[in-house]
Structures are given as C-alpha cells and as structure tokens.
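The values are calculated or read from the model by the stated rules, or taken from the named source; none is laboratory data. Note that this is a predicted model, so its numbers are computed, not measured. Reconstructed Cβ throughout: ideal geometry from the backbone, glycine too, with neighbour counts over all protein chains shown. All accessible areas refer to the heavy atoms of the entire protein, side chains included, with ligands and DNA or RNA removed. Shrake-Rupley method; radii C 1.70, N 1.55, O 1.52, S 1.80 Å.
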Amino acid sequence: MLLNTLLLALRSIRRNLLRSFLTILGIVIGVSAVITMVTLGRGATQAVQRQISSLGSNLLMVRPGQRLGPGGGSGGAPSFKEADADAVLSQIGGVAAVAPEARTGATVVANNRNWATTVIGSSNAWFTTGNWKLSSGRTFEDDEQRAGAAVCIIGETVRREIFGGPVGSAGLGEQLRIKQFSCAVIGVLASKGQTGMGGDQDDMVLVPLRTLQRRVTGHQRINTLLVSMQDGSDATRLKAGLRQLLRERRKLAEGDDDNFNILDTQQIAETLSGTTQVMTTLLGAVAAVSLLVGGIGIMNIMLVSVTERTREIGIRQSVGATPGDIRSQFLTEALVLSLVGGFLGAMVGLGGGWAFGAASGMRTVILPGSILLAFGSALCVGAFFGYYPADKASRLDPIEALRYE
C-alpha cells in the first residue's frame with residue numbers, strides 16, 4: 001500500500017515537471033543556504049583558531065600602557081627591560097619561556113634589491129613563545145646574543161623579495177644591510193602566512209635584541225614581553241602573579257592603576273571563535289527563512305493540485321478509497337517534493353561552500369550534522385505545509401467531487 005502511494009505521488013509529480021521544479025526551488029535555496037552558511041562559518045571559526053594559535057601556544061603578551069587594541073599605545077608608560085624578562089622567568093611558576101621583544105620599521109638592502117620590512121630584536125626564546133621554526137640555517141649563539149653580533153634571521157617574504165629563488169636555503173650566508181650596518185643571514189624562518197587581520201607574518205628580519213638596540217634603534221626600550229605558559233598551568237593564577245611582579249618592579253603604589261596590559265591569546269581565540277559561531281547561527285537562521293518560503297510554495301501548489309484533481313479524488317472515493325488513503329497520497333506528494341528539494345539543496349550547498357572556500361583560500365569544513373539538520377527541516381516543512389491540502393482533499397464529498405467540472 002505504501003509503495004502504491006509512493007508510485008502514485010511520483011506519477012503525479014512527473015505529469016507537471018516544470019511546476020514541480022519551481023515548487024521545490026524554495027526548498028533547494030533554503031537547504032543550500034543553510035548548509036553553505038554553516039560550512040563557511042565553521043571554516044571561519046577554525047581559521048580564526050589556527051591564526052591565533054600561530055601567534056604562540058599558551059601565550060601572554062605584556063605591553064606598556066593601559067589600553068588594548070589599535071591605537072592603544074603606551075600612553076607614556078615606561079617600557080620594559082631585559083631584567084623584567086629574567087625576573088618573570090625565574091620568579092613566576094608555570095612559565096615555559098619569556099622573550100623580550102622590540103621592533104621597528106626599516107628598509108633592508110641586498111643583492112641590488114631593497115625591501116621595507118619590520119626588524120625585530122629578541123632572544124632565542126622568541127622561537128618558543130611564537131611557535132616559530134626554521135626552514136634552514138640556525139638560531140643565535142649565546143655569545144652572539146650577549147655581544148649584539150651582526151647576524152640575522154629572515155622571514156620567507158624577505159627572502160623571496162631580496163634573494164629570490166625557490167623556498168629553501170637561498171640567502172644563507174649572504175650579507176643584508178639594515179640601515180647603516182650589514183648582518184650575515186644565518187637562518188630562514190618557516191612560513192606562517194597571513195594573520196587574521198591580513199598582516200604578513202613572514203615579512204620580518206630577526207636580530208639579537210642588543211643588536212637592534214645598539215645598531216638600529218639606539219635605545220634600550222622593549223615594546224613587549226612574550227610569556228609562554230607551560231601546558232596545564234593555571235592561567236588565572238599565573239597572570240595574577242605576573243601582574244603583581246610587574247607592579248613591584250615598576251614601583252606602583254597600591255592605589256595606582258597598572259601602566260601595562262596583559263593580553264591572553266587563548267582568551268582572544270575563544271572570544272573570536274564564539275563570535276563567529278554566533279554569526280554562523282544567525283546567518284543559518286536567516287537562511288532557514290527560505291525554507292518557510294519553500295513550504296508556503298508547496299502548500300500553494302498542493303492546494304492547486306487538489307482543486308485540479310477534485311474529480312479524480314471523487315472517482316477514487318467511489319471505488320473504495322478511504323479518506324486516509326487520499327490524505328496519504330497528497331501528503332506523500334508533498335514529502336517527496338520536500339525530500340527532492342532537500343537532496344538538490346544539499347548538493348548545491350556543499351558545492352557552493354567548496355567553491356567559495358577554494359576561491360577565498362578558506363578551509364571548507366563539512367559537518368554531517370548540518371546536512372542532517374537541513375534534510376530534517378525540509379522534511380518537517382513538507383509535512384507541516386502539506387498536511388492541510390492533504391486533509392482538505394480527504395474531506396471532499398464524493399458526490400460533489402464527481403460533479404466538479
């Protein structure tokens with residue numbers, strides 16, 4: 001009986017293919033929009049998490065001044081010293097590494113080429129705090145760091161723009177001029193790509209901190225302390241201890257405000273991930289409105305179908321079809337339309353998500369749950385909006401239906 005009902009529904013849909021296709025178009029658009037939004041939203045969330053984690057694992061960034069974010073600046077607050085980094089490493093439990101960092105903009109010249117980039121001065125701990133690896137070469141020797149030797153490690157962008165050639169050891173051993181002094185290239189950093197804000201992480205030159213202070217900037221100011229926490233350490237307790245230590249070292253009275261700020265990259269990642277998830281949910285809900293529009297289209301066309309087939313309904317009733325049989329037939333037609341629309345919408349949504357991800361360079365994350373949710377929603381829409389026309393057909397009076405012209 002169920003098979004016969006399904007065959008009758010398919011036969012009725014096939015009689016009006018164009019009308020049936022236009023009917024399910026709303027379902028197709030709704031399902032594909034939901035899947036595309038969820039897929040891209042999940043990909044954006046993972047991209048944010050990867051970009052934040054590329055800054056460093058369990059990383060705290062300590063800067064002078066009270067304000068965070070763009071335009072924060074130091075506000076006249078005193079900068080840090082190398083001794084502050086040593087004190088944090090030795091006196092705060094749960095710290096894996098501390099890297100003092102200073103940076104400035106400069107034009108580097110070599111191989112008859114020049115390139116405007118960022119010059120960073122730090123120690124070997126910088127590699128640990130920032131999760132940096134070398135694609136070739138070596139890090140700084142201890143005596144090079146103490147003496148402020150004329151050595152440098154370049155990012156992949158600087159290597160490509162200055163020395164050219166494929167990724168690898170090109171540029172090693174060459175001389176690179178930074179302002180008024182030349183340094184030997186001893187290493188090339190493995191590429192990290194762009195940040196979430198579009199900045200190029202590979203566009204940099206790394207030198208020992210004292211080299212930067214003595215040969216480039218001419219002062220000993222340190223812009224940032226990069227503090228890497230050990231796995232499993234209590235971030236709240238560590239930040240409280242770090243804050244107290246820095247207040248003591250900067251001689252702040254009990255009532256004074258902090259003249260530094262502590263930025264936790266893990267909190268940033270969680271906040272941004274939560275924001276993208278909320279936006280994904282919101283966009284998915286907006287896209288789901290198309291499903292309601294598609295459901296209204298199904299109800300409309302099924303009411304038209306009932307009117308057109310009134311005489312057919314009367315004949316079926318006269319030969320023994322029960323109201324339940326009539327109701328099942330029309331409800332099955334509505335469900336088939338919804339399921340076909342859901343299937344086509346899923347294919348369009350997955351293809352659209354993949355194409356957009358490939359064009360934007362964003363990783364496409366397909367969640368089986370989103371596909372099941374879209375199919376389930378389409379099925380519910382078909383059942384909800386198809387029931388009234390099916391029930392109306394089942395309540396027709398056989399005599400009146402046979403008289404209908």
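What about Val88, is it under 25 Å from Val216 (Cβ atoms), crowded, with 17+ Cβ neighbours inside 10 Å and at pLDDT 75 or above?
yes
Results for (1) modelled with pLDDT under 90; (2) touching a Gly at 6+ places or on another chain (Cβ under 9 Å), shown as yes or no for each residue.
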| position | (1), (2) |
| --- | --- |
| Lys133 | no, no |
| Arg138 | no, yes |
| Glu144 | no, no |
| Cys152 | no, yes |
| Glu161 | no, no |
| Pro166 | yes, no |
| Gln175 | no, no |
| Ile178 | no, no |
| Phe181 | yes, no |
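In region 116-133, what count of residues is obtained for those that are outside any loop (DSSP other than H, G, I, E, B) and among the aromatic types (Phe, Trp, Tyr)?
First, pick out the residues of region 116-133 that are outside any loop (DSSP other than H, G, I, E, B): 116-122, 125-129.
Pick out the ones that are also among the aromatic types (Phe, Trp, Tyr) and you get 126-127.
Summing the residues that are outside any loop (DSSP other than H, G, I, E, B) and among the aromatic types (Phe, Trp, Tyr) in region 116-133 gives 2.
From the residues in region 134-144 that are buried (at least 16 other Cβ atoms within 10 Å of the Cβ) and of a type in the set (S, T, N, Q), which one is nearest to Leu206 (Cα to Cα)?
Step by step, filter region 134-144, then rank; the result is Thr139.
What are the residues in region 302-331 that are part of a helix (DSSP H, G or I), among the β-branched types (Val, Ile, Thr) and open to solvent by 30 Å² or more (accessible area, probe 1.4 Å), if any?
From region 302-331, those part of a helix (DSSP H, G or I) are 302-308, 310-318, 323-331; that's our starting set.
From what's left, among the β-branched types (Val, Ile, Thr): 304, 306-307, 310, 313, 315, 326.
Scanning region 302-331 gives Val304, Thr307, Ile315.
Give Ala401, Ala374, Ala393, Ala359 a once-over and let me know the one that is modelled with pLDDT under 75, over 16 Å from Ser290 (Cα atoms), in contact with a helix residue (DSSP H, G or I) (Cβ under 6 Å, 6 or more places away or on another chain) and not in a loop (DSSP other than H, G, I, E, B).
Answer to the selection: Ala401.
Are there helices (runs of 4 or more DSSP H) fully within region 145-259 with at least 3 residues that are buried (at least 20 other Cβ atoms within 10 Å of the Cβ) and within 29 Å of the chain's Cα centre (by Cα)? List them. Lay out the reasoning, then the answer.
Numbers: elements: 156-162, 209-212, 235-249.
Correct list: 156-162.
So, in region 367-404, exactly how many residues are of a type in the set (Phe, Trp, Tyr) and open to solvent by less than 90 Å² (accessible area, probe 1.4 Å)? Lay out the reasoning, then the answer.
Of all residues in region 367-404, those of a type in the set (Phe, Trp, Tyr) come to 375, 384-385, 387-388, 404.
Next, only the ones that are open to solvent by less than 90 Å² (accessible area, probe 1.4 Å) stay: 375, 385.
Result for region 367-404: 2.
List pairs: first residue in region 376-405 and touching a residue at least 60 places away in the same chain (Cβ under 8 Å), second residue open to solvent by 90 Å² or more (accessible area, probe 1.4 Å) anywhere in the structure, Cβ distance under 6 angstrom, at least six positions apart or on different chains.
As it stands, the answer is Tyr404/Arg311, since those pairs meet every condition given.
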